[in-house]
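First up is the structure itself, then whatever we jot down about it.
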Amino acid sequence: MEESLLMLPYSLQNAAILTIVLAFIGYLVTFLSNRMIARRADMLRLVNERLNEFYGPLYVATIAGNTAYRTLLNKQGKTQCHPIRDEDLKEWVLWVTTIFMPLNDVREKIIIEKAHLIIEEQMPQCLLDFVTHVVGYKALLAQWAEGDYRERRSMIGWPPEFDLYVERSYQALKAEQTRLIHTSLWRFFWRVMRRARRGNGNSTQPA
């Protein structure tokens with residue numbers, strides 16, 4: 001009897017230590033889980049911002065520009081715009097000034113004003129080449145405004161990597177957005193389920 005009484009304080013101490021350890025582990029798991037959730041939320045916000053303000057509008061404008069360009073070529077029965085024939089000049093000038101250049105201006109503004117949202121650490125060369133291409137057309141339009149149509153295309157060619165870069169970047173971000181959203185929804189679902197189970201466990205059942 002006396003021995004069991006002497007062992008009782010040690011048991012209480014061990015139980016207290018175990019409670020403290022379990023509480024600390026629970027706190028640590030909760031802390032790391034919340035930190036991971038916050039990090040994923042930050043990543044999702046960045047992906048959304050890149051899609052909404054940079055790659056999304058850039059992609060839409062690029063698709064629209066390519067569609068308009070192919071439509072004009074089909075109408076003229078050509079596979080490429082150059083050389084621009086005299087009989088096509090009037091229509092070419094109309095499409096450049098009313099369709100192609102406004103879309104170029106939209107893309108140029110996105111690249112210049114939202115450059116901080118690019119995925120890469122360094123500005124991709126194809127984006128710089130695109131801006132330079134647009135600058136060449138601005139100089140060309142100034143010549144056209146003075147009635148000088150000797151030059152019919154920008155002296156700075158279209159960067160062939162531009163369209164592929166925009167498409168790949170947009171698709172990669174959409175895939176990342178979907179992954180992050182599904183992960184967040186899954187975590188939210190399990191949180192709700194755990195709370196529901198705790199609530200059912202704590203409720204008083206009728207006899």
Separation in nanometres of the label points that stand 7 Å from Cα toward Cβ, at Gln125 and Lys109: 3.0
Within-13-Å neighbourhood charge of Tyr165 [Cβ basis; K, R +1; D, E -1]: -3
Per-pair calculated FRET efficiency, R0 = 41 Å: Ile99 and Arg39 via Cβ, rounded to 0.05: 0.40
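No value in this document is a laboratory result; all are computed from the given coordinates. Note that the structure is predicted; figures quoted are calculated from it, not measured. Methodologically, a virtual Cβ is constructed for each residue, glycine included, from the backbone with ideal geometry; neighbour enumeration extends over all protein chains shown.
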